[in-house]
Amino acid sequence: MKRFYIFLIMLLIAVFAFSFTGEVLAGGIFDSGIPAGWTVEGNAGTLGADGVVTLAPGGGSQYGWVVSNTGITGLGLPYVGGTDGSRLRSSLFSANAGDALVFNFNYVTSDGAGYADYAWSRLLDSGLNEVALLFTARTTPGGNTVPGFGMPAIAATIDPAIVTIIPGGPSWSPLGGFSGKCYNTGCGYTDWVESTYDIAAAGNYILEFGVVDWGDQTFDSGLAFDGITVGGDPIGCGQPGLPPCGDGGVIPEPSTFLLLGAGLVGVGLLRKRFKK
């Protein structure tokens, strides 16, 4: 009877190893830097928790970012404009009709008053035509920062639905020399906001994040983002350097495999003893 209980314990260890040890969320697609095949225009990168920008909910040990600091002159939304900005586009990914595109974003701005810098995210088709303007965020001395004022309506559902700025000169290293500085009322950061958009038709798509200065090229703004999933799987899953598909976005840590292996070995040894 004693051996039976030992056998049962070892079997439970093997079966539940994935639940009893730490897990790495595959939503953290930026943990090894910007994924291969993603396109940077201007200034973009990856970073761990830094200044006012913590790690994203459902993300990993690093998030992606774009900033207007040292951006490209004239880069902005084609129907809105701007002075200088940056954008990051994903590689082509496939989605089914009804798949939810979900991610978290955090808008950070050192500008204020009438200098209405803004950030955005769009879903594009394979020809770079806009399918949906997912969200906008815009510097404003009063009222809502998200969705951005004077901008087209957004297609995604955001949580919280209305976001005001957390005021103060935001300390965040991607802002360069404007980190910790504030031009006027309106500077600050939004903290993490969740965006959810249900893709209407099956097809191949590109996800775009961007930010641009407005009216000048100083007191820059930026956007952080992470935890990007499509239909419950990390965006681009299965591609080189990215998590596998179909596991709900969870990758077991090495300790999980060790515990699982130990449990299976124990079960095997006890089976041999029972046969004797």
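Take the residues in the range 190-200 that are among the aliphatic types (A, V, I, L, M) and within 13 Å of VAL230 (Cα to Cα), then tell me which one is surrounded by the fewest Cβ atoms within 10 Å (Cβ to Cβ).
Of everything passing the filter in the range 190-200, ALA200 is surrounded by the fewest Cβ atoms within 10 Å (Cβ to Cβ).
Surrounded by fewer than 24 Cβ atoms within 10 Å (Cβ to Cβ) and out of contact with any Lys or Arg (no Cβ under 8 Å at 6 or more places or on another chain): which single residue out of VAL102, VAL108 fits that description?
VAL102
Only strands (runs of 3 or more DSSP E) wholly contained in the range 67-173 count here; list those with 1 or more residues that are touching a Pro at 6+ places or on another chain (Cβ under 7 Å) and modelled with pLDDT of 95 or more.
Qualifying strands (runs of 3 or more DSSP E): 100-109, 130-138.
What is the one condition in (1) surrounded by fewer than 20 Cβ atoms within 10 Å (Cβ to Cβ); (2) at negative phi that GLY238 does not satisfy?
Result: GLY238 fails condition (2) only.
If you check PHE225, PHE219, which single one turns out to be at negative phi, buried (at least 22 other Cβ atoms within 10 Å of the Cβ) and touching a residue at least 40 places away in the same chain (Cβ under 8 Å)?
Step by step, each of PHE225, PHE219 is checked, and only PHE225 is at negative phi, buried (at least 22 other Cβ atoms within 10 Å of the Cβ) and touching a residue at least 40 places away in the same chain (Cβ under 8 Å).
The values are calculated or read from the model by the stated rules, or taken from the named source; none is laboratory data. This is a predicted model, so every value here is computed, not measured. Here the Cβ is made from the backbone with ideal geometry for all residues, glycine too, and neighbour counts use every protein chain on show.
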